Structures are given as structure tokens and as C-alpha cells.
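The values are calculated or read from the model by the stated rules, or taken from the named source; none is laboratory data. Quick caveat: nothing in here was measured; it's all calculated off a predicted structure. All Cβ positions, glycine included, derive from the backbone under ideal geometry; neighbour counts span all protein chains shown. Each accessible area value is taken on the protein alone, full model and side chains, heavy atoms only, with ligands, DNA and RNA left out. Shrake-Rupley method; radii C 1.70, N 1.55, O 1.52, S 1.80 Å.
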Amino acid sequence: CLDWEGKLREFGSQWRTDDCNDCSSSRDGIRCCSSYATPVDYDKEKCESIFNKETCSYKVVEKDDHSKECPVHSWVG
């Protein structure tokens, strides 16, 4: 299979894209989905979510002090 970047992928292969999607190829085609969960239920007044592209993950921290993590009650992904 050729992926959307024009790279040849063997059937049965798996890879992670630069934009943090996990992909796999089969004789039916290529399937991709996000490799991370997104925080949705946290105190948005006090806190903010920050995406780390190196680890493909979110961290939720206080807006005024990024060293303090905030509790997250629900994630989607």
C-alpha cells in the first residue's frame, strides 16, 4: 500500500505518524486513529491542556503554574 505521503507500506505493518496517529496496513487498505486521549472534563477556568508532540499526550496544568497538574475527570480518544 502507498500511504498519503507516498511511502510504500507492507501489508501487516504498523507505524505512528508525525501527527500522532497510529496506523496499520492490510489488504483492505490503511487504517489510522489517534494514539492519544484528549482531556474533556477538568476545570477550564483554572487549568489548561497542553499537547506534547514528542510523547503524543496531553498534560493538564494550572494556567498560572505549569508545575501543578490538575485533575481530569474524563478523557476521550
Checklist entry - Can you give the extra length, in nm with one decimal, that the chain gains between ASP41 and HIS66 once fully stretched, where that is 0.36 nm per residue apart less the Cα-Cα distance? => result 7.2 nm
Checklist entry - Just how large is the dipole of the chain about the Cα centre, in debye to the nearest 20, putting +1 at every Lys and Arg Cβ and -1 at every Asp and Glu Cβ? => result 280
Item to check | Percent RCO, i.e. relative contact order, over the chain, from Cα pairs under 8 Å lying at least 6 residues apart | outcome: 23
Item to check | Signed unit charges on C-beta, dipole axis of the chain, positive-most listed residue SER26, VAL40, VAL60 | outcome: SER26
Item to check | Accessible area expressed per residue, the chain, with surrounding protein chains retained (probe 1.4 Å, Å²) | outcome: 74
Checklist entry - Are there cysteines in the chain with no other Cys C-beta under 4.7 Å, and if so, which? => result CYS1, CYS33
